[in-house]
1. If you line up the long axis of helix 65-80 against the longest principal axis of the chain, both from Cα atoms, how many degrees apart are they, to the nearest 10?
2. Sort the following peptides by mean Cβ neighbour count (other Cβ atoms within 10 Å, averaged over residues), highest first: 101-107, 147-153, 23-29.
3. Which percentage, to the nearest 5, of the DSSP beta bridges contained in region 31-167 is antiparallel?
4. Rounded, prolate or oblate: pick one for region 69-121, where a ≥ b ≥ c are the square roots of the eigenvalues of its C-alpha gyration tensor, a/c under 1.5 means rounded, and failing that, prolate if a/b is larger than b/c, else oblate.
5. Considering only C-alpha atoms, what is the centroid distance from region 89-123 to region 1-59, in Å?
6. With every protein chain present, what accessible area does Ser123 have (1.4 Å probe, heavy atoms only), rounded to the nearest 10 Å²?
7. Counting only protein chains, not ligands or nucleic acids, how are Tyr157, Tyr19 ordered by accessible area (probe 1.4 Å), most first?
8. For the full complex of protein chains and a 1.4 angstrom probe, list Tyr116, Tyr36 by accessible area with the highest value first.
Amino acid sequence: PVDCVKVALEYILEEKPDYVLSGINNGYNVGYDISYSGTLGAAFEAARNRIPAAAFSVTSNAHLEAAESYIPALVEELLKTPPAEGMVWNVNFPALAKRPLAGVLRDRAVAPVSLYREQYVPSHQPDGGLVLTCQGIPTPEEAIPEGTDAKAVRQGYISIGQVRCTG
């Protein structure tokens, strides 16, 4: 995603776009996990070029009804209120398979935790090779601070916050 923005700005577009929208990412971009995000990386590249940007994400393999219902209005709202300079909007939609949307929470801080802790399970192969299978262990609800992006999505809210682009 970052290269898409770079190539578009350098080689394809004749003028800078008014806004860059990135996503919908298949996997949350909350807490520490934002550091691994190509979706946010594309938004950061836009911000580095002084273009307002927003990144949209939903949990892996989630039902998309909240995103489908809310994205048009959220995009309209975000276009009217660009992020602060050097910042990008980070929007995460909750998983809603069996419960209603709890609402929209704005100004969510990035949680100082991940929603999952990776555990790698080794498997030794007959040829001497090693296969590692990653399993995500959920972070307990009580370990996620209030007012954060991770807490919002875990409780069924759409989380909207700003993330600083460094560099």
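1. For 65-80 against the chain, the angle is about 40 degrees.
2. Numbers: 101-107: 14.1, 147-153: 23.7, 23-29: 21.0.
Descending mean neighbour count gives 147-153, 23-29, 101-107.
3. On the way: 15 of 24 bridges.
Approximately 60 percent, going by the DSSP bridge assignments.
4. Numbers: a/c = 2.69, a/b = 1.34, b/c = 2.01.
In terms of gyration-tensor shape, oblate.
5. Between the Cα centre of region 89-123 and that of region 1-59, the gap is 19 Å.
6. Only protein atoms counted, so the area is about 50 Å².
7. Numbers: Tyr157 60, Tyr19 40 Å².
Largest accessible area first, the list is Tyr157, Tyr19.
8. Values: Tyr116 100, Tyr36 175 Å².
Ranked list, largest accessible area first: Tyr36, Tyr116.
The values are calculated or read from the model by the stated rules, or taken from the named source; none is laboratory data. The structure presented is a predicted model; accordingly, all values stated were derived computationally and were not measured. Virtual Cβ from ideal backbone geometry, glycine too; neighbours counted across all protein chains shown. To get the accessible areas, we keep the full protein, side chains included, count just its heavy atoms, and leave off ligands, DNA and RNA. Shrake-Rupley method; radii C 1.70, N 1.55, O 1.52, S 1.80 Å.
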